[in-house]
Amino acid sequence: MAEKSNTSIGGYLLGALAGATYGTNPLFALPLLGAGVDAFSVLFMRYAFAIPILAVMMVARGRGFGLRRGQVGPLIALGLLMAASSLTLYLSYAYIGAAIASTLLFIYPILVTVIMALCYRERTSLLTVLCILLATAGIALLYRGDGGATLNLTGLLLVFLSALSYAVYLVWVNRPGIREIPTLKLTLYVIFFGIFLFAFRFDVHTFTVLSERPVLWLAAFSMALFPTALSLLCTSAAIQRIGSTPVAILGALEPVTAVVIAVLLFDEALTPRLAIGMLMVITAVTLIIGGPNLAHRILRVRKMFPRIRRK
């Protein structure tokens, strides 16, 4: 029993680490973008550094690199979808800031639910409808700030396209023929094919910028290591221990981490209205992911920490 409890605690810690590390995107991307490196070049470096890291992880696990003929085409499409999601997110930073963009990106589970309902006739519960309304109200608060000024519509559209691309990716990646591919191999090939979207726009002057500020090389490598390779490794390990639903719920730490980084390190504004809007979006998505099992999950965590009886 104690061993099972320790495994669960470790799974929750790994799930929390996975969400938090993915939320470090702004920490490494914003300095590069602020130095004048365009989003295409930033993402090219992120993907280029991530490929050998993931390849080494595969070799260390004894995994093969082979693919069946029918898997190559879908993997190319998935790679372009993932790359498009990354690109539109990074482009949105210039219009609405990383804190709000990272929160709005977290609506992708809602978009997955909508896609599955419209395209695959999955039943939509009353809880799901209420959560969609709650998230919409939260987005409305984010759209119009405390002073009556509205967010940049281009930035909102970009981050919506980012969330939609990722939602389509998640739906497609679970289809027969693709879901049989191990997660590590799938991610490696998705990044490998996705890098071609950035390669033709890579600015060679990026090397000049990085040579003038060597610390930016560390930022570029860290983007590949923390929000890519480490986040993936922790996600896979957490799912093996506690399942996909609680890991998805712990993904709420992703926008929370991004908001904290953007506000504390990059001086982005966080007004009460924006904070309430972000909380509404995160709550709505968490309820959609957890559904009726959420109370059970919370109780399961609580039982890991028995009360100390007072004498």
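The values are calculated or read from the model by the stated rules, or taken from the named source; none is laboratory data. This is a predicted model, so every value here is computed, not measured. Cβ placement follows ideal geometry from the backbone for every residue including glycine, while neighbour counts extend to all protein chains displayed. For accessibility, only protein heavy atoms count, side chains too; no ligands or nucleic acids. Shrake-Rupley method; radii C 1.70, N 1.55, O 1.52, S 1.80 Å.
A few comments on the model shown:
- Remark: accessible surface ordering of Leu80, Leu142 (largest first) is Leu80, Leu142, probe radius 1.4 Å.
- Note on the chain: Rg/Rh from C-alpha atoms, Kirkwood Rh, equals 0.97.
- Computed [θ] at 222 nm, deg cm²/dmol, the chain (DSSP H ≥ 4; -39,500 (n - 2.57); rounded to nearest 500): -24500 deg cm²/dmol
- Solvent exposure of the chain as accessible area per residue, Å², 1.4 Å probe: 51 Å²
- Across region 148-200, the fraction of Cα-Cα pairs farther apart than 18 Å, rounded to a whole number, is 52%.
- Between Leu118 and Leu133, the distance separating the two model label sites (each 7 Å from Cα on the Cα→Cβ line) works out to 2.0 nm.
- Gained length - Phe196 relative to Asn152, 0.36 nm times residue gap less alpha-carbon distance: 12.9 nm
- Prolate/oblate/rounded call for region 188-272, Cα gyration tensor, a/c under 1.5 rounded: oblate
- Packing-based order for 124-137, 32-45, using average beta carbon neighbours within 10 Å, highest first: 32-45, 124-137
- Per residue, the convex hull spanned by the Cα atoms of region 1-137 measures out at 206 cubic angstrom.
- Spin-label pair Trp172-Ala140: with each label point 7 Å from Cα along the Cα-Cβ axis, the two points sit 3.4 nm from one another.
- Surface listing: Phe28, Phe198 arranged by accessible area from highest to lowest gives Phe28, Phe198, probe 1.4 Å.
- Ranking by accessible area, most exposed first, for Met82, Met58 with a 1.4 Å probe: Met82, Met58
- More than 21 Å apart - percent of Cα-Cα pairs taken over region 112-190: 49 percent
- Potential extension, Arg179-Ser125 segment - 0.36 nm per residue separation minus Cα distance: 16.9 nm
- Accessible area of Val173 in the full protein assembly, 1.4 Å probe (Å², nearest 10): 30 Å²
- Per-residue SASA entry for Ile261, accessible area with 1.4 Å probe, Å² rounded to 10: 20 Å²
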